[in-house]
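Worksheet: the structure to be examined is printed underneath.
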Amino acid sequence: MKLLSDLVVLDLSSVLAGPSAGTFLAELGAKVIKVENLKRGGDVTNSWRLPVEKENAVSAYYSSVNFNKEVHLLDLTSSSSQDQLSTWLAEADVVLENFKAKDRVKFGVDPTHIKAHYPSLIHCHLRGFEHALNRVAYDVVLQAETGFMSMNGTKESGPVKMPVAMIDVMAAHQMKEAVLLALYKRATTNSGSYIELSLEASGLSALVNQASNFLMADHVAERMGSKHPNIAPYGELFSCADGKMVVLAIGSDAQFGELCAYLGLDELMDDDRFATNAKRVVHRAALEEKLKAQIEIRNASDFLSYCHAHQLPVGEVKTMDDVLSSKTAQEMIREEIIHGETTKRLSSIAFRIT
């Protein structure tokens, strides 16, 4: 799927969000030139290694978002490197960067300079915060300050970050969407665009129902594990007789009735506490205990088979080795040689166009 094979992208970004957007464009066929800061030893994520990784190897973290790129380490303060950067800017259709304000001017990629010298270029700038322009921003900081950590975890665990850099991932999606829209605009107007976004706003935009719960009902989200504040039973976890865990996502009264019938709990349908979703949310603890008693005596395979056959939204809690052995995951694995080493990642493309 090389839909962007005529596109040249200059990726000056680092860490996860910008490089992830660059990888997305590379997977769609674009030529992506990635420039890394020589004085800082390249992209910092190449030093973020698991204890089991070799010290000088290409890190798995770096490999996950740097696919099929032409990588150059440059001292961008030198005149020769700035000349080379100017050459690439003249060739590029898109430039991605997350420099601080002073560095953007120093390296010649501030929006005023780019608009004056490269008017057809699509310039995408990512920063950490909307208004604290020079504040250092990493994903966990934004997970804390956009409310995600306050909601994630349990009352006993305290605030918990999500195990992937979700704010960066969401910002990367915003970058991809903005770049594609700017390309559409350029195709019709022949003019470039300046795109500006932040990790902060990207995180806030993803609060969806939790934000509206507060804006419309004055409800401040609390830590409740995997459970859903608006639906029950949704997110409740149950251990089965074979030790495997399953999670429910019952979203309608009809689904709840089907579940009760299978579990031999028809009496719950006549219990006013569980008659509607709104009432089940109020009485979810009592409901969970009744479901637990019946689910824990069944093997996960039997329970899941019935639910799948009867269109009940239930899932097995899988570990990463189980997940990546699935047919879908196997089809999405990509390999590439970086600095002489075989690296692997999952594709950033999760759609098909025909």
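Just so it is clear, none of the values below were taken in a lab; they were calculated from the coordinates. Quick caveat: nothing in here was measured; it's all calculated off a predicted structure. With ideal geometry, Cβ positions are generated from the backbone for all residues, glycine too; neighbour counts draw on all protein chains shown.
For the stretch 212-354, averaging the sequence separation of C-alpha pairs within contact (under 8 Å, six or more residues apart) and dividing by the residue count gives a relative contact order of 21 percent. Here Lys54 is the anchor, and the aspartates and glutamates within straight C-alpha reach of less than 12 Å, apart from those fewer than 8 places off in the same chain, are Glu341.
Of the options (i) 1.05; (ii) 0.97; (iii) 1.07, only one is Rg/Rh (Cα atoms, Kirkwood Rh) as computed from these coordinates, and that is (i). Overall form of the stretch 234-317: prolate. Here a/c, set by the Cα gyration tensor axes a ≥ b ≥ c, is 1.5 or more, and a/b is the larger of a/b and b/c. A helix-only calculation puts the chain at -11500 deg cm²/dmol for mean residue ellipticity at 222 nm, using -39500 (n - 2.57) for each DSSP H run of at least four residues, averaged over all residues. Between rounded, prolate and oblate, where does the stretch 197-354 land on the alpha carbon gyration tensor, with a ≥ b ≥ c its root eigenvalues, rounded for a/c under 1.5, else prolate if a/b exceeds b/c? It is oblate, given that a/c is not under 1.5 and a/b is not larger than b/c. Cα gyration tensor of the stretch 163-212, axes a ≥ b ≥ c as square roots of the eigenvalues: rounded (a/c below 1.5), prolate (a/b > b/c) or oblate? Since a/c reaches 1.5 and a/b is larger than b/c, the shape of the stretch 163-212 is classed as prolate.
Note that the stretch 49-58 has calculated 3J(HN,Hα) couplings of 10, 5, x, 7, 7, 5, 4, 9, 7, 5 Hz, one per residue in order, obtained from phi through the Karplus relation 6.51 cos²θ - 1.76 cosθ + 1.60 (θ = phi - 60°); glycine and proline are x. GNM on the chain, alpha-carbon springs under 10 angstrom: the most fluctuating residue among Ala101, Ala17, Ala261 is Ala261.
May I ask for the longest run of the chain untouched by trypsin sites (Lys or Arg not before Pro) that are loop-located per DSSP and have at most 15 neighbouring C-beta atoms (other than their own) within 10 Å?
Maximal segment without exposed cleavage sites: 156-317.
Taking GluC sites (Glu not before Pro) as exposed when DSSP calls them loop and at most 12 other C-beta atoms lie within 10 angstrom, the chain has its longest site-free stretch at 56-155.
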